[in-house]
Amino acid sequence: MRFADVIARKRDGHALTRAEVDQFVRGVVDGSVPDYQASALLMAIVLRGMDELETVALTEAMVASGDRVDLSDIPGPKVGKHSTGGVGDKLSIVVAPIVAACGVLVPKMSGRGLGHTGGTVDKLESIPGFRTSVSIDEFKQMVRDVGAAIVGQSPSLAPADKKIYALRDVTATVESIPLISASIMSKKLAEGSTTLVLDVKCGDGAFMKSEPAARALARSLVDIGTRAGLRTEAVITRMDAPIGSAVGNAVEIVECIELLKGRGAPDLVELTMTIATQMVIMSGLVAEDAAGARVRQAVDSGAALDKLRAMIARQGGDPAVVDDVRRLPGAAHRVTVTAPRPGYVTVIGAERVGRASIALGAGRKRAGDPIDHGAGVLVKVRVGDQVAAGDPLMELLYNAGSVEDARVLAEQAVTIGDAPPVSKPLVIEICK
């Protein structure tokens, strides 16, 4: 079939056949479908949607476009974890060693920062010497040796996704649940886990702004995983304010270390314990009613901290940062943003805080930009706190970033009202 006819069928609202989906994905990879035709089909999908069978077909075709990690020769349950992206979202860096310390293997391929959200790979690379670019064989050996590894996405896994996402990024076709679902799950299915826990973010700092949109995405992701034989659950979590107190790279590593030493921010601790417990439950190693206690013991005993130290050392990093965070990159300058009036903190807009961190140099304005691992934002208050005029709200850490741009964004991020806001739960629901 001429590819123009495939575009026309989707334009007119028809479901694509598996053969047509395969033709699209194969053509994107080998170049037989030019960018202008691929972009036209992507826009037709955004406008007309895809049903469940089409979305599954797209996911499976993208998985088949590259290699798959086979972890079957490593004994034990392998539980993956993925977040849809947020501000201050450092959960993977603490969840992986906690769950590994519970005896569950955690193979994790992560990405770099996207838009106003940070990237796990960028954060880990702030640790001197830490390697995230490894071969699939080395990734497998890291999982075997330590029980957990967090590395960059292998270019040989789901290469169709990389090309399709690059087109979506410049053609206003990102906001499509079928396309988002296929992008996420093609990489997760190729990663080698037998079970997957998804953290679907919802709110100001997330790509899914509303609860209905987050639920629809969570349902789509779980359905794809289940159809593919990957036991999958999604935890929908609130992302209106930054998670924890640190937003950046090295500053978030410091916060991860503090949590594993028993000194984490309450919201970060709650979300970490929730995701880690779900991963341990789904591994089948521990009874559901005992999983939470096993996770807490892994932290309280120091076993999770030891596992983080082992992960860092195995991936070429300096494990001494766990005991001396001054070995991490720092910032030469600090500016404090203060409260303009007394009252209660009612809003800390996560997206604006994320953009402030980027302005300071902690993220990228364009793909390929270098980042400053020492730059970032320290949030000094939480939603609901009572403040006086002049109280510190945030600290902006920078070396050569645009501090004035960051200051404006930080000031705009915080709203102070006359009454305390209504508290909202961090965990919205679990989708199975």
- Which of the residues spanning region 40-92 are in a helix (DSSP H, G or I), more than 22 Å from Ala158 (Cβ to Cβ) and within 24 Å of the chain's Cα centre (by Cα)? Leu91
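For region 262-283, how many residues meet the condition of being surrounded by fewer than 14 Cβ atoms within 10 Å (Cβ to Cβ) and either closer than 20 Å to Gly147 by Cβ or among the small types (Gly, Ala, Ser) (or both)?
Going through region 262-283, the residues surrounded by fewer than 14 Cβ atoms within 10 Å (Cβ to Cβ) turn out to be 262-263, 266.
Add one more test, that the residue is either closer than 20 Å to Gly147 by Cβ or among the small types (Gly, Ala, Ser) (or both), and what stays is 262.
Looking only at that region, the number is 1.
Take the conditions in contact (Cβ under 8 Å) with a residue 40 or more places away in the chain, outside the structural domain of Ala241 (by TED's automatic domain parsing), in contact with a Leu (Cβ under 8 Å, 6 or more places away or on another chain) and not in a strand (DSSP E or B) and apply them to Asp405. Does it pass?
On the way: in contact (Cβ under 8 Å) with a residue 40 or more places away in the chain: yes; outside the structural domain of Ala241 (by TED's automatic domain parsing): yes; in contact with a Leu (Cβ under 8 Å, 6 or more places away or on another chain): no; not in a strand (DSSP E or B): yes.
No; evaluated as a whole, the condition is false for this residue.
From the list Ala40, Ala15, Ala101, which residue is assigned by TED's automatic domain parsing to the domain that holds Ser245, touching a helix residue (DSSP H, G or I) at 6+ places or on another chain (Cβ under 7 Å) and farther than 23 Å from Ser135 by Cα? Don't jump to the end; show me each part of the working.
Working: Ala40 fails: assigned by TED's automatic domain parsing to the domain that holds Ser245; Ala15 fails: assigned by TED's automatic domain parsing to the domain that holds Ser245.
Criteria check complete, one pass: Ala101.
For every residue, the table says whether it meets (1) in contact (Cβ under 8 Å) with a residue 24 or more places away in the chain; (2) crowded, with 20+ Cβ neighbours inside 10 Å; (3) at negative phi; (4) outside the structural domain of Glu270 (by TED's automatic domain parsing).
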{"residue": "Val345", "(1), (2), (3), (4)": "yes, yes, yes, yes"}
{"residue": "Arg352", "(1), (2), (3), (4)": "yes, yes, yes, yes"}
{"residue": "Gly376", "(1), (2), (3), (4)": "yes, yes, no, yes"}
{"residue": "Lys380", "(1), (2), (3), (4)": "yes, no, yes, yes"}
{"residue": "Leu393", "(1), (2), (3), (4)": "yes, yes, yes, yes"}
{"residue": "Ala400", "(1), (2), (3), (4)": "yes, no, yes, yes"}
{"residue": "Ala413", "(1), (2), (3), (4)": "yes, yes, yes, yes"}
- Task: List the helices (runs of 4 or more DSSP H) that sit entirely inside region 141-242 and contain at least 3 residues that are under 16 Å from the mean Cα position of the chain (by Cα) and buried (at least 22 other Cβ atoms within 10 Å of the Cβ).
- Result: 177-190, 211-227
- For Ile416, which of the numbered conditions (1) among the hydrophobic types (A, V, I, L, M, F, W, C); (2) touching a helix residue (DSSP H, G or I) at 6+ places or on another chain (Cβ under 9 Å); (3) part of a strand (DSSP E or B) fails to hold? (2)
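The values are calculated or read from the model by the stated rules, or taken from the named source; none is laboratory data. These numbers were taken from a predicted model, which means no experiment stands behind them. We place every Cβ from the backbone using ideal geometry, glycine too, and count neighbours over all the protein chains shown.
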